Amino acid sequence: MRTAKQVGGHLPSARVTNTANTSFTHYLRTDPFVTEWAADVLTEAITDAEESARAVVVRLGAGEVAAVPERVREQAAAGELDTLASACTDIENAPGGGRCQQSFLTCFGCPNALVMERHLPALLSLAEALREDLQRQDVGQWTARYGTTWQILTRDILPRFSPAQRAAAQETQPHLMLDLLHGPKEWS
């Protein structure tokens, strides 16, 4: 039984001679080694569950996150595919065909866009810049230009992040100028 306890009760002989209930109740439950081992296993499981729950990944434009290949998700997580406030999973193949030349604001309606927690500081800056711009513009003009982006950003994306994630992201917010989001003027 000593050897069985040392390996957490997993020896075949322990399994044959005692039921799982008997092994646990009479031998393993009070064993400090088993208690420590179980605490480590539970801590690791809870940590994994928390990290998984916090790992916000949003696929925009009616795309499914599961359809994005794992390698592309890893590249996005590493920042290799970053645009202004999201990642582009395939910039060479825009939905209209060819290399994407659209405004960064159109990313929010594109099935190639992927938003992760790493993008949250830029997303918060974008929301702030849009809010400030609304104070300076006619509401109708602002809505025509930014209304869709605002709706997606404030209803579909930002609510997926916890208050703690948003607070942490506010510490590193970049400054965004809305004029730059539309791309060079000669493209318009």
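If R0 equals 25 Å, the separation of the Cβ atoms of ALA66 and ALA164 corresponds to a calculated FRET efficiency of about 0.45. In this simple spin-label model, placing a label point 7 Å from the Cα along the Cα-to-Cβ direction at both HIS175 and ARG145 gives a separation of 2.0 nm.
Cα gyration tensor of the stretch 79-133, axes a ≥ b ≥ c as square roots of the eigenvalues: rounded (a/c below 1.5), prolate (a/b > b/c) or oblate? It comes out oblate by the Cα gyration axes. Ranked by the mean number of other Cβ atoms within 10 Å per residue, highest first, peptides 162-174, 143-155 order as 143-155, 162-174.
Tell me which GluC sites (Glu not before Pro) from the stretch 64-119 have a DSSP coil assignment and no more than 10 other beta carbons within 10 Å of their own.
Loop-located and lightly packed - GLU64, GLU80, GLU92.
Relative to the current alpha-carbon distance between ARG131 and GLN101, full extension at 0.36 nm per residue lengthens the span by 8.3 nm.
Taken together, the values in this text are just the output of simple stated rules run on the coordinates, not laboratory data. If you're wondering where the values come from, they're calculated on a predicted model, not measured in any experiment. Here the Cβ is made from the backbone with ideal geometry for all residues, glycine too, and neighbour counts use every protein chain on show.
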